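**Q** I am attaching a structure below and will ask some questions about it afterwards.
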Amino acid sequence: MFYSTDEPCPLPHNPLKAIVSPRPIGWISTQDKNGQVNLAPYSFFNAVCSTPSIVMFSSEGLKDSARNALETGEFVVSLATLALKDAMNASSAPVETHVNEYTLAGLEPASCVHVSPPRVAISPASLECKTLPNHPMTDLNGNTLDVHMVLGQVVGVHIHDDYLSDAGLFDTAKAQPLARCGYRDYAAVESVFQLTRPVD
Ligand SMILES: Cc1cc2nc3c(=O)[nH]c(=O)nc-3n(C[C@H](O)[C@H](O)[C@H](O)COP(=O)(O)O)c2cc1C
């Protein structure tokens, strides 16, 4: 089948998120201007480049995480894993701004070094980020979108020693990162394999 996106989608659900799948889940911690802690998962999330290390997440509507990251200039990404799927899901509840999702999800916060928001203590890895200049999103017609892409440069990396091999490699298969697929589907990385590039 084929359809153009300037026509109504002929499928019962937009397949984009099932096609751009699996997507890593950035579990975003922020604080508002008054220090109120916030935690929520974002699957419009990815790494943009490695040196310097830059990550992004995208908020459909200006939600607390994006607002806080843009206002305070700081956010933290914790790795959402298979073992933490229920806590991750609980932290996505649409609650009032004053509700601390760490408490809601039964999670312990841990301090960061360079930024104020806490990280998820039990998560195998967390990235401390400082927010980069914002690029307002427009569509092909130049219409401003209520979509807020937040870019952040990683200024600190936390890794639990249990997930580091003797060679100093992060053990992705042991961490079992959770990924978002389409509809209500999720996936987890439970095994990995190696490929060597043609010119390595
Ligand atoms: C796995 C998962 C991924 C999500 N990804 C996004 C996303 O990429 N963008 C978005 O706007 N909302 C996303 N959401 C919904 C937000 O997590 C939800 O609206 C949350 O309440 C926002 O919290 P906040 O206002 O504290 O930032 C996702 C929810 C789940 C469960």
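The values are calculated or read from the model by the stated rules, or taken from the named source; none is laboratory data. Not measured: the values here are computed from a predicted model. All Cβ positions, even for glycine, are placed from backbone atoms using ideal geometry, and neighbour counts span all protein chains on display.
**Q** Please list, ordered by residue number, the strands (runs of 3 or more DSSP E) wholly in region 122-200 having 1 or more residues that are touching a Ser or Thr at 6+ places or on another chain (Cβ under 7 Å) and within 14 Å of the ligand (Cβ to nearest atom).
**A** 147-159, 178-180
**Q** Can you give me the number of residues within region 22-42 that are in contact with an Asp or Glu (Cβ under 8 Å, 6 or more places away or on another chain), within 12 Å of the ligand (Cβ to nearest atom) and assigned to a loop (DSSP other than H, G, I, E, B)?
**A** Of the residues in that region, 1 qualify.
**Q** Another question about this same structure. Just to verify a result, which residue in region 45-61, among those that are under 14 Å from the mean Cα position of the chain (by Cα) and touching a residue at least 60 places away in the same chain (Cβ under 8 Å), is farthest from the ligand (Cβ to nearest atom)?
**A** Among those residues, the one meeting the criterion is Ile54.
**Q** Here are some conditions: (1) in a strand (DSSP E or B); (2) more than 15 Å from the ligand (Cβ to nearest atom); (3) of a type in the set (A, V, I, L, M). Leu11 meets all but one. Which one does it not meet?
**A** For Leu11, the exception is condition (1).
**Q** Run Asp64 past the list (1) closer than 26 Å to Gln153 by Cα; (2) at pLDDT 95 or above; (3) within 12 Å of the ligand (Cβ to nearest atom); (4) in contact with a helix residue (DSSP H, G or I) (Cβ under 9 Å, 6 or more places away or on another chain) and report the number of the one that doesn't hold.
**A** (4)
**Q** Right, next: Take the residues in region 43-74 that are in a strand (DSSP E or B) and in contact with a Cys (Cβ under 9 Å, 6 or more places away or on another chain); name whichever of them is farthest from Ile28 (Cα to Cα).
**A** Ile54
**Q** Could you list, in sequence order, all residues of region 183-200 that are in contact (Cβ under 8 Å) with a residue 60 or more places away in the chain and hydroxyl-bearing (Ser, Thr, Tyr)?
**A** Tyr183, Tyr186
**Q** What are the residues in region 67-92 that are surrounded by fewer than 18 Cβ atoms within 10 Å (Cβ to Cβ) and near the ligand (Cβ under 10 Å from one of its atoms), if any?
**A** Result: Lys85, Asn89, Ala90, Ser92.
**Q** So, in region 60-105, exactly how many residues are aliphatic (A, V, I, L, M) and over 29 Å from Ala173 (Cα atoms)?
**A** Summing the residues that are aliphatic (A, V, I, L, M) and over 29 Å from Ala173 (Cα atoms) in region 60-105 gives 6.
**Q** Give Ala93, Ala40, Ala105 a once-over and let me know the one that is farther than 19 Å from Val157 by Cβ and without any contact (Cβ under 8 Å) to a residue 24 or more places away in the chain.
**A** Ala93
**Q** Take the residues of region 116-125 that are without any contact (Cβ under 8 Å) to a residue 60 or more places away in the chain and buried (at least 20 other Cβ atoms within 10 Å of the Cβ): which is farthest from Ser29 (Cα to Cα)?
**A** In this case the residue turns out to be Pro124.
**Q** Scanning for something away from the ligand (no atom under 14 Å from the Cβ) and part of a strand (DSSP E or B), does region 93-114 turn up at least one residue?
**A** yes
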